[in-house]
Each structure stands twice: as C-alpha cells, then as structure tokens.
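J.: Pasting a structure below so you can have a look.
We did not get these values from a lab; they are worked out from the coordinates using the rules stated. What you are looking at is a predicted structure, and each value in this text was computed from that prediction instead of being measured. When we count neighbours, we look across all protein chains shown, and the Cβ atoms used for this are built from the backbone with ideal geometry, even at glycine.
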Ligand SMILES: C[S@@+](CC[C@H](N)C(=O)[O-])C[C@H]1O[C@@H](n2cnc3c(N)ncnc32)[C@H](O)[C@@H]1O
C-alpha cells in the first residue's frame with residue numbers, strides 16, 4: 001500500500017522547493033536538449049507540485065507530458081498549476097498511481113525523475129530501468145538525479161529553505177539517520193513563525209534508498225543502459241541512454 005509521507009508537508013513544499021528549482025532548472029533543461037523540438041512524449045515520475053513539470057514543458061515546447069504524482073496533497077497543487085496555464089493544460093496529463101503501478105505510455109522520448117529516485121526500493125528501481133530500456137524511443141533518454149549523500153550516512157540538521165509570505169515566515173530543516181548500507185531515514189521539520197514567534201511546526205520522515213554513481217552504472221548495465229553526468233556535479237544529474245548496440 002502507498003503511504004503518503006507528504007500529507008503534512010504539502011503546504012510548505014512548493015514554496016520551499018521553488019528556490020532550489022531555480023538552480024536545478026538550467027541543468028534539467030540542458031539534459032533535455034533535442035527532445036520535444038518536434039512532437040515528443042515525456043514521462044515525469046514524482047512531479048510533486050509541478051515545479052519541474054513547468055521546466056520540462058518550457059525545455060520541450062512541443063512535448064506531451066505525463067506527470068506522475070501519487071500524493072493527493074501535492075497533486076492538488078500540481079493540477080492547479082497545470083490547469084491554470086493554457087499551455088500546460090493542453091499538454092500535461094496528471095497520473096495518480098505511484099510507479100510501478102502508474103499508467104504510462106508504452107513508448108516515450110524521455111523520462112524525467114528529479115529528487116524522487118530514493119523513494120523507489122531496489123526492486124522498484126530495477127523495474128524502472130526495465131521500463132526505461134524497453135520504453136525509450138530511438139534518440140531518447142532519461143534524466144535522473146542522485147541526491148547527496150549517495151552513500152548511507154547520518155546527516156546533522158541543516159536549513160533547506162526559508163521564505164516569507166505576508167507576515168509569516170516558512171522554514172524547513174532536514175537531518176538524516178543511517179538505517180543500513182542502502183537506506184536512510186530523512187527527518188524534515190517545517191516551521192511557521194510570525195514576529196519571531198513559532199506558530200506551528202510539523203515533523204515528517206521518510207525512508208530513502210541511497211544510490212551512488214558506481215552502483216547506478218552496475219544496475220543500468222544489466223538493462224543495456226549507461227549514464228553520463230550533466231551540468232553542475234553537485235546537482236547529481238545524469239542522462240541515461242541505451243547502449244549503442246540496443247538502439
Ligand atoms: C522530494 S519530492 C520531489 C518532487 C519534485 N520532483 C520536485 O523536485 O519538486 C518526491 C516526490 O516523489 C513522489 N513519489 C514517491 N513515491 C513515488 C512513486 N512510487 N512513484 C512516483 N512518485 C513517487 C512523492 O509523492 C513526491 O512528490
């Protein structure tokens with residue numbers, strides 16, 4: 001059964017993710033170069049509130065996009081973003097089932113999964129590589145990122161973002177604990193304050209399956225795929241393509 005860890009953080013998420021997406025957007029756009037100049041189909045897994053969906057739509061102006069978002073709370077923001085923009089509304093289909101149960105097009109020119117891969121366990125990840133290997137049309141590729149840390153380790157609390165809206169400040173911090181070699185638990189705290197006084201705090205946690213670049217290479221090779229880094233190394237973005245002999 002799908003348990004939605006974003007139920008209680010949804011009100012902060014779009015606001016606090018907008019800044020990080022300003023850094024991420026040029027790299028994701030560059031990674032999609034050549035896709036969607038003419039017609040194309042792009043699958044986005046884990047669209048969240050749609051910050052990345054907008055970037056994909058802008059980078060690939062003629063593409064049809066299937067945006068997969070299982071969290072009802074985040075999907076409400078995503079659907080609002082899509083429905084209130086005529087261009088997005090005409091090209092983006094919102095799918096609610098989590099991968100691997102999602103209803104996806106059989107063939108696609110690109111698959112994008114940003115800031116979400118760690119939600120898939122190793123079996124689901126293997127299914128993802130199978131779907132990418134069999135679904136990519138000639139010349140197509142996937143775009144993913146590996147979020148730091150890429151090996152399982154404890155992370156002391158740090159500030160993710162802080163934004164002011166009206167008289168209130170919205171603030172997110174994160175820390176993580178190591179569970180085992182392949183799994184961490186992230187703890188997020190979202191605070192709201194006014195005039196320096198905290199008026200609300202919500203704690204959220206979720207399991208995260210870590211993946212480093214070497215393990216990614218090994219997993220992809222089993223499916224006739226390989227990865228190449230794109231853009232600023234700190235963002236951990238990779239283009240995943242079929243090996244030449246499989247194209
Ligand atoms: C950290 S958020 C990132 C959202 C968005 N990509 C962004 O960068 O703003 C991770 C997203 O993955 C989604 N997710 C979790 N499990 C998923 C699954 N099995 N299939 C598709 N999406 C999933 C969550 O609901 C959430 O929207």
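J.: By how many nm would the segment from residue 244 to residue 80 lengthen if fully extended, with 0.36 nm per residue of separation less the alpha-carbon distance?
T.: That works out to 55.0 nm of additional length.
J.: Report the rotationally averaged projected area of the chain based on its alpha-carbon convex hull, in square nanometres.
T.: Here the figure is 13.2 nm², rounded to one decimal.
J.: Jot down the radius of gyration and Dmax of region 144-247, Cα atoms only, both in angstrom.
T.: Looking at region 144-247, its Cα Rg and Dmax stand at 18.5, 62 Å.
J.: For the chain, what proportion of DSSP beta bridges, expressed in % and rounded to the nearest 5, is antiparallel?
T.: 70 percent
J.: Something else about it: Springs between alpha-carbon atoms under 10 Å, Gaussian network over the chain: tell me which of 41, 150, 49 tops the mean-square fluctuations.
T.: 150
J.: How much length is gained if the chain between residue 214 and residue 90 is pulled fully straight, taking 0.36 nm per residue apart and subtracting their Cα-Cα distance, in nm to one decimal?
T.: Contour length minus Cα-Cα distance gives 40.7 nm.
J.: On a 0 to 90 degree scale, rounded to 10, what angle separates helix 10-31 from the longest Cα axis of the chain?
T.: 30 degrees
J.: Okay, moving on. Given contacts defined as C-alpha pairs under 8 Å and at least six residues apart, what's the relative contact order of the chain, whole-number percent?
T.: 19 percent
J.: For region 31-104 and region 179-213, what is the separation of their C-alpha centers, rounded to whole Å?
T.: 25 Å
J.: Still on this structure: With a cut-off of 8 Å between alpha carbons and a minimum separation of six or more residues, what is the relative contact order of region 155-209 in percent?
T.: 28 percent
J.: What distance in nm separates the two pseudo spin-label positions at residue 194 and residue 22, each 7 Å out from Cα along the beta-carbon direction?
T.: Between residue 194 and residue 22, the simple spin-label model gives 2.6 nm.
J.: Also: For region 1-67, state what percent of all Cα-Cα pairs lands in each successive 10 Å bin, counting from 0 Å until the bin that includes the largest distance.
T.: Histogramming region 1-67 at 10 Å steps yields 20, 45, 26, 9 percent.
J.: Can you tell me the length gained on complete extension of the stretch residue 167 to residue 134, counting 0.36 nm per residue apart and subtracting the Cα distance?
T.: Net length gain for the segment: 6.8 nm.
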